[in-house]
Every structure is written in structure tokens, then in C-alpha cells.
Ligand code: 3HC
Ligand code: NAI
């Protein structure tokens with residue numbers, strides 16, 4: 001019998017326990033283990049009911065994603081599930097942790113399900129570019145009705161045990177999974193309850209069978225945000241089969257859909273992204289077993305745009321925050337914005353009605369840096385000038401408790417220099433959050449020259465704890481994300497001088513799948529900041545300068561590269577901007593030419609990839625996948641394209657290097673010359689991914 005699963009008999013109840021760390025994924029061994037043990041329990045005449053449960057931190061978290069793309073090994077999951085469902089003895093799934101994907105499908109094949117209070121149940125396959133491939137799309141609608149099933153299958157978000165209980169997916173909420181499952185099994189036997197096979201129960205489909213719009217409107221609501229993605233639509237089709245076809249036919253169609261997606265480029269990219277995110281949490285060059293420091297209380301300095309958002313992220317995770325400002329007025333404003341934000345979310349039903357008050361209670365707003373004393377982690381989010389950072393870090397040295405991690409949220413400033421203003425540079429690092437900080441998931445963790453390994457581990461693990469995705473980067477201007485973005489910005493600006501319009505450039509970028517183009521992004525951030533900084537440095541950018549001279553600062557003035565109707569964030573092309581560009585070009589004696597969408601795409605993307613190659617060669621990012629994580633979670637890079645470095649590998653580095661060399665010459669721009677690493681890989685016919693096996697970027 002397999003080592004990953006075992007059968008114990010508690011007089012008339014057989015307990016099948018799966019134990020395959022870390023998450024009991026359904027590898028061939030686990031599938032075999034379940035099948036063997038369930039069969040053994042069925043064969044044992046003493047056993048009258050079977051409980052299926054898991055050891056370790058969670059119930060089965062799904063199919064084993066590492067097996068995808070490899071030749072399938074028996075037994076097939078669907079065969080395991082039919083053995084469970086056709087068992088003559090009741091089988092009860094006892095769930096704790098997360099029952100996800102194939103894990104929930106196992107539970108759906110059982111006759112009953114119980115779950116612990118904190119458990120979560122879901123079919124997140126769409127997030128991997130897939131659809132549930134083992135009956136999930138057929139059984140879940142029968143368990144909870146098509147509306148909730150669509151939400152879970154097409155949206156991919158799990159539900160709580162309480163919601164699962166209300167929806168009839170879970171029979172009972174129990175204390176411990178194994179003991180609770182066993183007690184429930186005894187109840188089923190004592191009451192002589194029938195075997196409930198979801199495949200045979202169409203009762204919850206009746207309403208949608210009579211009125212299909214119940215289903216189609218649920219799908220329309222969920223797929224509104226699925227632009228460019230294939231899986232949500234295929235998953236919706238599969239739920240449709242549950243309504244329209246007999247169970248076995250639906251199951252067959254579901255399987256076909258699953259296999260089609262499994263080999264799709266989108267799913268490959270999404271599975272890559274799943275592992276890239278987890279890889280990023282492993283810090284290159286930190287000794288194995290390095291433990292982080294304890295973080296029970298956090299101090300955040302500055303209650304502005306970023307400080308407020310960061311404080312919200314901590315409070316959302318239940319971690320108390322001391323929020324520090326220079327004066328009552330700024331503090332009050334900052335606290336007020338947080339409260340309003342949470343209240344708006346509660347009004348939309350995003351968080352419980354009592355959450356805003358509870359979360360506000362976790363934030364202690366105070367004036368004066370001397371209040372950092374009890375914090376284990378201090379995050380500075382004050383104005384972006386070295387003078388202010390110097391003043392703050394100098395004082396932190398005096399007030400922060402020994403061993404506290406001291407982080408700066410600076411976007412561009414040198415963390416090595418900031419560290420010098422303290423006598424404890426080993427505790428200093430960057431934690432670069434992205435705006436809006438309560439929403440955006442990325443946190444670039446900036447490792448400075450003297451940052452201690454355990455300080456770094458602390459920052460990475462606390463970032464994960466507050467549901468951020470950390471990526472460790474080195475010190476340089478703009479770190480990984482903004483440094484690459486600057487290359488795109490430079491080309492976007494140049495394209496206007498050559499004849500492209502802002503809306504044309506942005507359209508190409510959004511068609512590619514980015515949430516916004518560079519010009520709409522500029523309007524959102526405000527054009528005046530760059531204008532002032534250019535003036536200070538004596539630099540010109542004639543078109544952007546002309547816009548600002550005309551009072552067009554972006555969304556905040558209702559016009560920038562676009563115009564905005566009052567109260568709306570919709571960017572509308574503005575003929576005035578076209579005239580302004582024409583006039584500026586005429587003044588400079590520049591001739592316009594037709595710029596193709598293909599050229600725009602190449603000039604938006606390839607220079608970023610080139611910069612990515614430099615970042616790798618310098619060791620500012622340890623792995624190409626870390627760069628991809630930065631773009632996926634900080635800038636909304638479309639997940640189905642894996643990230644810029646992954647995408648570059650798909651396009652082919654040889655082609656990219658050639659096009660960069662071409663544009664370098666054509667547009668007389670030496671910054672576009674292919675970087676040495678890109679050139680080398682291109683010449684050798686290699687990919688960025690190959691660096692992992694090479695072990696070294698340079
Ligand atoms: N297959 C293989 N490995 C998996 C896995 C899976 N389904 N789920 C997690 N892992 C691995 C991770 O890669 C990680 O490995 P590492 O330590 O070597 O980096 C380890 O398990 C722990 O994972 P996390 O760091 O993510 O741990 P958390 O505790 O933060 O989260 C989790 C746990 C919520 C289960 C999260 O891992 C998760 O969401 N997993 C994926 C769930 C999923 O997508 N399931 C559906 C799979 S597709 C499917 O089931 C198809 C079916 O319909 C046929
Ligand atoms: P902000 O101007 O909105 O807020 C800064 C706040 O810091 C103000 O409320 C100010 O009163 C307060 N402050 C200044 N000196 C202080 C001191 N000595 N003690 C306590 N509080 C003090 O600025 P924002 O946008 O929040 O930026 C903060 C930092 O975050 C900057 O370093 C910025 O580069 C960085 N950042 C900003 C992003 C953005 O999109 N706004 C994105 C990522 C990082």
C-alpha cells in the first residue's frame with residue numbers, strides 16, 4: 001500500500017488519510033493511494049462508512065501541477081472519483097485548509113462533505129489557464145446551483161466554509177477534520193441516510209434549465225474582466241454542459257475542454273507565472289534555514305498616498321500599525337482617507353460591514369518619530385528627497401528598537417546611501433510598494449550592500465503575510481520595474497516626435513493586454529511632476545512641456561495627453577493635442593511619418609527586455625522569473641503572456657536582438673543596441689530561461 005495514504009479502522013468507520021506534503025497535491029502516487037485505500041475500505045466487511053481526510057496543513061490543494069505536460073500516469077483522477085462515487089458505503093470528505101481544484105473535485109465525488117471553520121473551497125483552475133478537468137464543472141453546479149458555480153469556476157475565487165455550508169456544498173462545520181468526519185459518518189449510518197451522488201441530482205439545475213438567462217447573466221458578470229483570457233470562457237462553456245447535457249456527456253466534453261487548454265500557450269504561461277511567484281520568495285544567496293525576525297507591530301512613517309495604502313495592507317492582515325505623521329492635520333487627512341476607502345469597500349460588499357471599524361482600531365495614528373519604539377518593522381513613506389530620508393533615518397537610529405527592520409518605500413533613491421544615515425545598515429532595506437498600495441500586489445524588496453540575510457527574510461515573509469508578492473531586487477535607479485518602464489517611456493515619447501499619436505501608442509499597448517498605455521498612465525500620475533523635474537535639471541521634452549505650458553497636467557486638470565469629461569476617468573482622444581503635437585513638430589522642423597502598430601509594439605516591449613537583460617547581467621535581479629513577477633504584479637502585465645522575459649523567450653531572443661539593432665540604427669539611438677547578455681543568448685540560440693541551468697547571468 002502506498003506511503004502517501006493509509007487506512008485506519010475505528011470499528012465501523014474506515015479513515016483514509018492522505019499525507020503528501022506540502023499540500024497533498026494529487027500526484028500519481030496520491031491518486032493511487034486514494035484508490036487503493038478506498039478499495040480496501042470497501043472490501044473490508046467491518047467498515048460501514050469511509051472518511052477521506054488529509055494530514056498536514058491542508059486538504060488536497062489540487063492536481064499536481066508539476067505533472068502537467070508530462071505523459072499521464074495511471075490511475076486517472078476521473079477513475080479514482082468514480083470508484084469513490086460508486087462506493088456502496090458512504091464516503092465523507094473531511095476538509096481543512098484548502099480544498100482546491102482536483103481536491104474539491106475529490107470531495108465532490110464523495111457522498112457528503114464536512115469542513116472546519118477556516119477551510120476554503122474552490123476551483124481555481126482558470127487562474128492556471130485551465131478548467132476543472134475531473135468533473136468539477138459538472139458536479140459543482142449540481143451541488144450549489146449554476147450561479148455560485150459560475151462564480152467559483154469562471155471567476156476562480158474560493159469560498160469560505162461558512163458560505164459553502166449555506167450553499168449546501170458542505171453538510172456540517174466541524175472542529176477537527178478527522179474526528180468531525182468520523183462523527184458525521186456515524187450520524188449518516190445511524191440515520192440510514194442514502195448515498196448522495198451529485199451526478200444523479202439535477203434538482204439545483206432546474207431553474208437554469210427553464211431559464212438559461214440565469215446562467216448567461218452570471219457568466220456575463222464574471223467574464224467582464226476576462227479580456228484576452230481563453231480559460232474563463234471555456235470554463236463557462238463547460239458549466240453550460242452541466243445544464244444542457246446528461247452527466248456523462250458533460251463530463252466527456254469537460255475533459256476535452258481541459259485537455260485543449262492544458263496544451264495552450266496561455267495555460268503554459270499561467271502555470272509558469274504560478275511557479276515564478278513562488279520561486280521569487282526564495283532569496284538567492286541567503287543561507288538555507290535563515291530565520292526571519294519576529295514582526296508583531298509595524299510603524300509606518302508618512303500617512304500620504306503610499307503610507308496610508310501600506311497601513312491598510314497591514315491592518316487587512318490583522319497586524320497592528322503605528323502610523324506616524326509630522327502634524328495632526330496630515331494625520332487626520334490620512335486616517336480619513338483610509339476610513340473612506342474601507343467604508344466604500346464595505347458598501348460594495350467587499351468586506352463585512354464591521355470591518356472598517358475593526359481595521360481602523362488596528363491603526364494608531366500619532367505625531368512624532370519617537371513613537372516608533374515598539375515596532376519590529378518600520379516602513380518609511382515620506383517625501384521622495386534624500387534630505388528628508390536622511391533626517392528620518394537619522395532619527396530612526398535613535399528611536400527604533402534594536403533589531404527592528406528599517407525599510408524605505410523610496411521609488412528611486414539609493415538604499416545604500418539611506419543605510420549610511422544609521423549606525424545599523426544591516427537592518428536597512430527597501431520595501432517598494434506600488435500605488436495604490438492597498439490594492440497592488442507587488443513589493444520589490446531592495447537588498448542593499450549591507451542588508452543582513454535575516455532582515456531580508458523578514459521583509460519577504462511579512463510581505464507574503466500581508467498578501468503581497470515579494471521580489472528581491474538590488475539597488476539601482478528605479479529598481480527593476482521603474483527602471484524597465486523608463487525605457488518604454490523614452491520610446492513612447494520618441495514615437496510622438498516621429499508621427500504616432502498618444503492614442504495609437506496606447507491602443508497597441510492595451511491590445512497587447514496591459515491595463516493602460518504609457519500616455520494614459522502619464523495622465524493618471526500627473527504630467528507636472530516630470531515637467532518640474534525637467535525644468536530643475538534643464539532638460540527639454542518639447543511635446544510634454546508644451547502640454548504642461550497649456551495647463552494640461554493630466555487627469556487632475558481634466559486634460560493631458562487626452563481629455564476627460566468631468567468626473568470620468570475615461571481617456572478621450574483630443575484633437576487639440578494633435579494640433580499641439582503638429583505645431584511642436586513644425587517648430588522643430590520634424591517630419592511626420594506613418595508609424596506601424598508593429599513598430600510601436602516592438603519599440604514598447606523590446607527596449608524593456610533589453611533593460612531586463614542588463615538587470616540580470618548586473619545581478620540586480622537574480623532570475624528572469626523575478627523580473628516577470630515584478631511586471632505581473634506591479635504593472636498588470638497580462639498573466640497569459642507570462643511576463644516580459646518569458647514572453648521574450650517565446651518571441652525569440654535572436655529576433656528581438658536583431659530588431660533592437662535595427663531600431664538603434666534607424667532611429668539613431670545607441671541606447672537600443674542589444675545588451676551583451678541578450679546578444680550572447682541570441683547568438684547561442686538560447687533563452688533567458690536557460691540561465692537557470694547555466695546558473696549565471698553574466
Ligand atoms: N501542484 C504542485 N505543487 C503545488 C501545488 C499543486 N497543485 N500547489 C502548491 N504547490 C507547491 C508550491 O509550488 C510550493 O512549492 P515550493 O515550496 O517548492 O515553492 C508549495 O506547494 C507550497 O505552496 P505555497 O507556497 O503556494 O503555499 P501557501 O500555503 O501559500 O498556499 C495553496 C497553499 C493555497 C494551496 C497554494 O499553493 C495554491 O493556490 N496552490 C494551487 C492550487 C491550484 O491551483 N489547484 C488547482 C490545480 S489544477 C487542477 O486541480 C486540475 C484538476 O481540475 C484536474
Ligand atoms: P505623499 O506626499 O502622498 O506622502 C508623504 C507623507 O509623508 C506626507 O503626508 C507628509 O506629511 C509625510 N511626511 C513627510 N516628512 C515626514 C516626517 N519626517 N515624518 C513623518 N511624516 C512625514 O507621498 P507618497 O506618494 O505617499 O510617497 C511617499 C514615498 O513613497 C516616496 O518615497 C515615494 O517615492 C514613494 N512611492 C510613491 C509611489 C506613488 O505612486 N505615489 C509609488 C511607490 C513609492
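Some values worked out for this structure:
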{"quantity": "Sequence ranges 77-84, 266-273, 582-589, ranked by mean other-Cβ count within 10 angstrom, highest first", "calculated": "266-273, 77-84, 582-589"}
{"quantity": "Label-point gap, in nm, between residue 44 and residue 398 - each point 7 angstrom along Cα→Cβ", "calculated": "7.0 nm"}
{"quantity": "Rounded tilt (10° steps) of 502-512 against the dominant C-alpha axis of the chain", "calculated": "30 degrees"}
{"quantity": "Theoretical gain in end-to-end length, residue 86 to residue 221 [0.36 nm per residue, Cα-Cα removed]", "calculated": "45.0 nm"}
{"quantity": "Percentage relative contact order, the chain, counting C-alpha pairs under 8 Å, at least six apart", "calculated": "9 percent"}
{"quantity": "Crossing angle, helix 146-155 versus the chain [Cα axis fit, 0-90 degrees, rounded to tens]", "calculated": "50 degrees"}
{"quantity": "Footprinting exposure proxy for 442, 429, 104 (fewest neighbouring C-beta atoms within 10 Å first)", "calculated": "442, 429, 104"}
{"quantity": "Alpha-carbon centroid distance for the pair the stretch 559-628 / the stretch 528-553, whole angstrom", "calculated": "16 Å"}
{"quantity": "391, 175 arranged by Cβ crowding within 10 Å, fewest neighbours leading", "calculated": "175, 391"}
{"quantity": "Folded to 0 to 90 degrees: helix 528-537 orientation relative to the chain principal axis, Cα", "calculated": "40 degrees"}
{"quantity": "Difference of contour (0.36 nm per residue) and Cα-Cα distance, residue 284 to residue 206", "calculated": "22.6 nm"}
{"quantity": "Gain upon complete extension [residue 658, residue 179; 0.36 nm per residue less C-alpha separation]", "calculated": "166.0 nm"}
{"quantity": "Förster radius 25 Å - calculated FRET efficiency between residue 213 and residue 252 (Cβ-Cβ, nearest 0.05)", "calculated": "0.45"}
{"quantity": "Computed E for residue 264/residue 423 - FRET, C-beta separation, R0 51 angstrom, nearest 0.05", "calculated": "0.40"}
{"quantity": "Shape of the chain, Cα gyration tensor, a/c cut at 1.5", "calculated": "prolate"}
{"quantity": "Beta bridge orientation in the chain: antiparallel %, DSSP, nearest 5", "calculated": "25 percent"}
{"quantity": "Kirkwood Rh in Å, taken over all unlike Cα pairs in the stretch 1-146", "calculated": "15.0 Å"}
{"quantity": "Pairwise label distance in nanometres, residue 533 with residue 326, each label 7 Å out on the Cα-Cβ vector", "calculated": "2.0 nm"}
{"quantity": "Residues of the stretch 487-501 with amide N under 16 Å of the 7 Å Cα→Cβ point at residue 556", "calculated": "none"}
{"quantity": "Förster radius 35 Å - calculated FRET efficiency between residue 358 and residue 412, Cβ distance, rounded to 0.05", "calculated": "0.45"}
{"quantity": "Where labels lie 7 Å past Cα in the beta-carbon direction, separation of residue 348 and residue 9 in nm", "calculated": "5.6 nm"}
{"quantity": "The stretch 42-98: C-alpha gyration tensor shape, a/c 1.5 cut-off, then a/b vs b/c", "calculated": "oblate"}
{"quantity": "Value at 222 nm in deg cm²/dmol, rounded to 500, when DSSP H runs of n ≥ 4 in the chain each add -39,500 (n - 2.57)", "calculated": "-15000 deg cm²/dmol"}
{"quantity": "Between the stretch 10-58 and the stretch 95-173, the Cα center-to-center distance that results, in Å", "calculated": "19 Å"}
{"quantity": "Distance from the stretch 334-389 to the stretch 284-324 (C-alpha centre basis), Å", "calculated": "11 Å"}
{"quantity": "Order of 443, 110, 476 - criterion: other Cβ atoms within 10 Å of each residue's Cβ, fewest first", "calculated": "476, 110, 443"}
{"quantity": "For the stretch 363-463: rounded, prolate or oblate by the Cα gyration tensor [a/c cutoff 1.5]", "calculated": "rounded"}
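A short reminder: the numbers here are calculations on the coordinates, not readings from a lab. Computed from a prediction, not measured in an experiment: that's the story for all the values here. With ideal geometry, Cβ positions are generated from the backbone for all residues, glycine too; neighbour counts draw on all protein chains shown.
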